[in-house]
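Each remark here refers to the structure printed beneath this line.
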């Protein structure tokens, strides 16, 4: 019967090109390494090494089986890490909801760190708008969330500020608003279409945030809003980190507005969890890492 140890010995001999070197690495007698390879060949029914020369060389069958053996070793290591995580009371899976305004590069960087620290923990990631994050946490679909919309149900959710995101009012550089002197008046803004990000949940139903335009187009996708702004369909607010390249290339123009003032407009982000189901160690660690300056 094929064993994991035989697979590991096979891979190490293939890597080092020597039975003796593999035995030293494994702290085994060379005869034990030779026996393991012989038992593997007997179980597989093929020879994996050519032993006629001074150094063992992979046979055609050995080369063909090498990638399969690597996958077996990786799967076994993943299984072991997962079992270690479960035995240490670390949750098997983290479900996370994140606001679409949250800096994507920062999120990816922290997920790399999460993968390294908790390699056996699965992740479910949802990106949502405004109340959509809160709704996912309230409904128990996600255990933790980061939203730009505060949790209104404080009895059910624990909510805390974990950073801020800078918003900037932008318009296509060939739009009439781009030619106006700063600060652009609210009257001038109302005369032009505003592109507004809308909520897919009902938590913000009937409530508008930062809507000044008398004529609006409402979209539920931030990337679509971005494209509409660049195409000159209207003006709107965007996270500065998402439009920085457009501003540098002259595709979009940042506006200082009368209503928002000339200082950068920053909105808070909120970390939230259900009081009835506090997050485990992996989710708690990830939420701390996702805090913004």
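The values are calculated or read from the model by the stated rules, or taken from the named source; none is laboratory data. Only a predicted model underlies this, so the values are computations on that prediction, with no experimental measurement involved. Cβ: placed from backbone, ideal geometry, glycine included. Neighbour counts: every protein chain shown.
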- Task: Assess whether residue 12 counts as being modelled with pLDDT under 90, outside the structural domain of residue 283 (by TED's automatic domain parsing) and over 30 Å from residue 121 (Cβ atoms).
- Result: no
- Of the residues that sit in segment 280-293 and are surrounded by fewer than 20 Cβ atoms within 10 Å (Cβ to Cβ) and in contact with a helix residue (DSSP H, G or I) (Cβ under 9 Å, 6 or more places away or on another chain), which one is nearest to residue 266 (Cα to Cα)? 292
- Message: Of the residues 165, 141, 146, only one is in a strand (DSSP E or B) and closer than 18 Å to residue 279 by Cβ; which?
- Response: 146
- Query: Restricting the search to segment 93-131, which residues are surrounded by 15 or more Cβ atoms within 10 Å (Cβ to Cβ), touching a helix residue (DSSP H, G or I) at 6+ places or on another chain (Cβ under 6 Å) and part of a loop (DSSP other than H, G, I, E, B)?
  - Reply: 100, 103, 118, 120, 121
- Task: Of all residues in segment 252-283, count the ones that are part of a loop (DSSP other than H, G, I, E, B) and either at pLDDT 95 or above or more than 30 Å from residue 185 (Cα to Cα) (or both).
- Result: 6
- Task: Keeping to segment 46-73, report how many residues are in a loop (DSSP other than H, G, I, E, B), under 22 Å from residue 21 (Cβ atoms) and touching a helix residue (DSSP H, G or I) at 6+ places or on another chain (Cβ under 7 Å).
- Result: 3
- Message: Being surrounded by fewer than 16 Cβ atoms within 10 Å (Cβ to Cβ), in contact (Cβ under 8 Å) with a residue 40 or more places away in the chain, within 43 Å of the chain's Cα centre (by Cα) and in a helix (DSSP H, G or I): is that true of residue 43 here?
- Response: yes
- Message: Among the residues of segment 231-239, are any surrounded by fewer than 20 Cβ atoms within 10 Å (Cβ to Cβ) and either assigned to a helix (DSSP H, G or I) or at pLDDT below 90 (or both)?
- Response: no
- Task: Give just the number: which of (1) crowded, with 16+ Cβ neighbours inside 10 Å; (2) in contact with a strand residue (DSSP E or B) (Cβ under 7 Å, 6 or more places away or on another chain); (3) under 30 Å from residue 277 (Cβ atoms) does residue 56 not satisfy?
- Result: (3)
- From the residues in segment 217-230 that are under 18 Å from residue 130 (Cα atoms) and over 25 Å from the mean Cα position of the chain (by Cα), which one is modelled with the highest pLDDT? 217
- Qualifying positions in segment 186-204 - assigned to a loop (DSSP other than H, G, I, E, B) and at pLDDT 90 or above: 191, 192, 193
- Given the conditions (1) within 17 Å of residue 108 (Cβ to Cβ); (2) part of a strand (DSSP E or B), every one holds for residue 286 apart from (2)
- How many residues are surrounded by fewer than 19 Cβ atoms within 10 Å (Cβ to Cβ) and either in a strand (DSSP E or B) or touching a helix residue (DSSP H, G or I) at 6+ places or on another chain (Cβ under 7 Å) (or both) if we restrict to segment 149-158? 3
- Among (1) in contact with a helix residue (DSSP H, G or I) (Cβ under 8 Å, 6 or more places away or on another chain); (2) modelled with pLDDT of 95 or more - the single one residue 180 does not satisfy: (2)
- Item | Candidate set: segment 240-252, residues that are surrounded by fewer than 19 Cβ atoms within 10 Å (Cβ to Cβ) and farther than 20 Å from residue 106 by Cβ; chosen: the one farthest from the chain's Cα centre (by Cα) | 250
